[in-house]
Amino acid sequence: MNSLKLKIPPVIVVALVLALMKVISLFTPASEWLVSLPSGLPLLFVAIGAFVAVSGVVEFRRHKTTVNPMLTTEATALVSGGIYKITRNPMYLGMLLALVGGIFYWANLFTALGCLAFVLYMNRFQIEPEEEYLTGQFPDAFTEYMTKVRRWI
């Protein structure tokens, strides 16, 4: 399974999870209480997710370090300001929030399994390898940062 580490770009993972959520919604019943929620809720989650993710990109650009999640070895700075004071992974959190919007869009609680799959995959094959690299690159600073700021929220 280590062969999957840092191999699939997170945006592709999001696309695959969205496809999975769509398939789940086709074969499982809608959740009535989700159907009754405001129709703008999916868009709200996508918008909040986009804001959180873009905030992370802005901080990376400000520190002139790579935003490419496949090139962790090109990280030149430990970014811990701005949105990174709240979450260590705002770009991935933003993607997750957009996926949560999918739960409301399809009004199907079973689609939350896609969100769970996203978190599990990202933790194991994207975030943990990134953390290993950052711990080696910025041993004291990143270790201290991990004690202060949670991985997701």
### Query
Are any residues in segment 13-39 of a type in the set (V, I, T) and surrounded by 14 or more Cβ atoms within 10 Å (Cβ to Cβ), and if so, which ones?
V13, V14, V17, I24, T28
#### Entry: One residue from P42, P10 being surrounded by 14 or more Cβ atoms within 10 Å (Cβ to Cβ), closer than 25 Å to E132 by Cβ and either over 20 Å from the mean Cα position of the chain (by Cα) or modelled with pLDDT of 95 or more (or both)
P10
### Query
Which one of L113, L109 is modelled with pLDDT of 95 or more, surrounded by fewer than 19 Cβ atoms within 10 Å (Cβ to Cβ) and closer than 14 Å to L18 by Cβ?
L113
### Task
Looking for whichever is closer than 23 Å to L43 by Cα and out of contact with any Cys (no Cβ under 7 Å at 6 or more places or on another chain) here; the options are F142, F110. Which one fits?
F110
### Query
Is one or more of the residues making up segment 78-100 over 30 Å from L6 (Cβ atoms), crowded, with 17+ Cβ neighbours inside 10 Å, touching a helix residue (DSSP H, G or I) at 6+ places or on another chain (Cβ under 8 Å) and aliphatic (A, V, I, L, M)?
no
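The values are calculated or read from the model by the stated rules, or taken from the named source; none is laboratory data. Here the structure is a predicted model, which means the values were calculated and not measured. Methodologically, a virtual Cβ is constructed for each residue, glycine included, from the backbone with ideal geometry; neighbour enumeration extends over all protein chains shown.
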